[in-house]
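Right, one structure below, let's go through it.
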């Protein structure tokens, strides 16, 4: 009988202690849910792009990250420009890296792309700057441009590049006049906008 009283007291004590132990466990679960929500909210930049686009950006990032440290620095950018056959000054590199609010890791790169796509940069200006990056004294080497179009971003097929090159004037040495190309591309964008406005 004394043993029954001990068992009852032990059970009663465990029942009294159980709610107190359950409360911290419940609080832990709630704080874990909140931290997961916070993490998801911070990574909204990924939701702006398709999985395919993120994979392509990741591939481009890894190609630019020459030292494979997860951050694109001045030396990484210089190596990227060197691979494209373009000389770039320290000032230009500093300006490019200055567009970031912190170290240029993959998430920061996606944030830059997202800001550009959301209209914070003029589309014509983006096109002009893209082609000027290939400019060598007013001319663009058509083979280097072909390689870039077929290698990075939304990759062009050989036939798509051929179709685009049919619209361009390429001289006998395989060079494209940068000014004429930019004029053609920005004029056709303006023509499309004008046609939409008239309709």
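Each value in this text was obtained by applying a stated rule to the coordinates, not by laboratory testing. Treat the numbers as computed from the prediction; the structure is a model and nothing was measured. Here the Cβ positions follow ideal geometry from the backbone for every residue, glycine too, while neighbour counts run over all protein chains shown.
Taking neighbour Cβ counts within 10 Å as the exposure measure, how do 186, 169 sort from fewest upward?
Fewest-to-most Cβ neighbours within 10 Å comes out as 169, 186.
Report relative contact order for the range 49-121 in percent, whole number only (criteria: Cα-Cα under 8 Å, sequence separation at least 6).
Once normalised by length, the contact order is 26 percent.
Pull out the extension gain between residue 71 and residue 152, defined as 0.36 nm times the separation in residues minus the alpha carbon to alpha carbon distance; nm, one decimal.
Here the segment from residue 71 to residue 152 would lengthen by 27.3 nm.
So how much slack lies between residue 177 and residue 88, counting 0.36 nm per residue of separation and subtracting their Cα-Cα distance, in nm?
30.0 nm
Of the listed peptides 175-183, 130-138, what is their order by residue-averaged count of other C-beta atoms within 10 Å, with the highest listed first?
Top of the packing list down: 175-183, 130-138.
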